[in-house]
Amino acid sequence: AQLVLDDISLDVAPGEFVTLLGASGCGKSTLLNLVAGLDRPTAGSIETPGGRPALMFQEHALFPWLTAGKNIELALRLRGVAKADRRPEAERLLDLVRLGGAYGKRVHELSGGMRQRVALARALAQDSRLLLM
C-alpha cells in the first residue's frame, strides 16, 4: 500500500475559505474525498460540522437525461424538500449562478461553464455547512 497522506491536521473556521495547492498526484483530491466521506481513512479521524459536506466534483457529473433544473431538484429531493417547493428553489439557485431561464435546458445544450454552474447550484441545493470543490 502506498502512503498518500500522512500527519495531516486541518481546522477550518466557519465562513473561512481554504485552498489546497500542490503538485498533480500529491493527494488533494484524496483529502477532499476523505472529508466528503467518499473514502475512509486507514488511521485517524475526520470531523465535519452539521452532517455530510456538499461536494462539487472536478467534472460536472450532471445526469444528461435530466434538465438543468431537474438535476438540481434531485439534490433537493434527496434533502427532503417537498415536491411543490423544489422547482421554485431550483429556479432560485439557477438565478443565483446567473443561469435564470435555463431550468428546461438539457445538459448537451449547455456550454462547459454553464454545466459547471449547474453543478454548483446542485451542490448549493444540499444546504450543507461545508462545500467542497
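Rule-based calculations on the coordinates, nothing more; no lab input. Small disclaimer: the values here were computed from a predicted structure and weren't measured. Note that each Cβ is placed from the backbone with ideal geometry, even for glycine, and that neighbours are counted across all protein chains shown.
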**Study point:** 13 Å beta-carbon shell around residue 128, net charge (K/R +1, D/E -1)
**Key:** +3
Practice item. Stick to the Cα atoms of the stretch 9-76, pair each with every other, and give me the Kirkwood hydrodynamic radius in Å at one decimal. Key: 14.5 Å
Exercise for review: Based on the mean of other Cβ atoms within 10 Å per residue, sort peptides 106-113, 75-82 so the most packed one is first.
Suggested key: 75-82, 106-113
Revision key, fill the gap. Largest-first semi-axes in Å of the equivalent ellipsoid built from the Cα gyration tensor of the chain are 30, 17, 13
Point to revise | Whole-Hz ³J(HN,Hα) from phi, Karplus 6.51 cos²θ - 1.76 cosθ + 1.60, for the stretch 53-60, glycine and proline x | key: x, 7, 10, 10, 6, 4, 8, 4
Study note, to complete from the structure: Note on the chain: contact order normalised by length, alpha-carbon pairs under 8 Å, 6 or more apart, percent, works out to 30 percent
Practice item. For the stretch 68-128, state the semi-axes of the equivalent ellipsoid (square roots of 5 times the eigenvalues of the alpha-carbon gyration tensor), sorted largest first and rounded to whole angstrom. Key: 18, 11, 10
Check your understanding: Taking the chain as a Gaussian network, where each spring joins two C-alpha atoms under 10 Å apart, which residue of 54, 121, 43 fluctuates the most?
Key -> 43
**Study point:** Summed residue charge, Cβ within 13 Å of residue 44's Cβ, Lys/Arg positive, Asp/Glu negative
**Key:** -3
Check your understanding: How much mean residue ellipticity at 222 nm does the chain get from its helices, if each DSSP H run of length 4 or more adds -39500 (n - 2.57) and you divide by all residues, to the nearest 500 deg cm²/dmol?
Key -> -11500 deg cm²/dmol
**Study point:** Distant-in-sequence amide H partners of residue 5 (H built 1.01 Å from N, under 5 Å)
**Key:** none
Exercise for review: Find the percent of Cα-Cα distances in the stretch 1-47 that exceed 14 Å, and round it to a whole number.
Suggested key: 56 percent
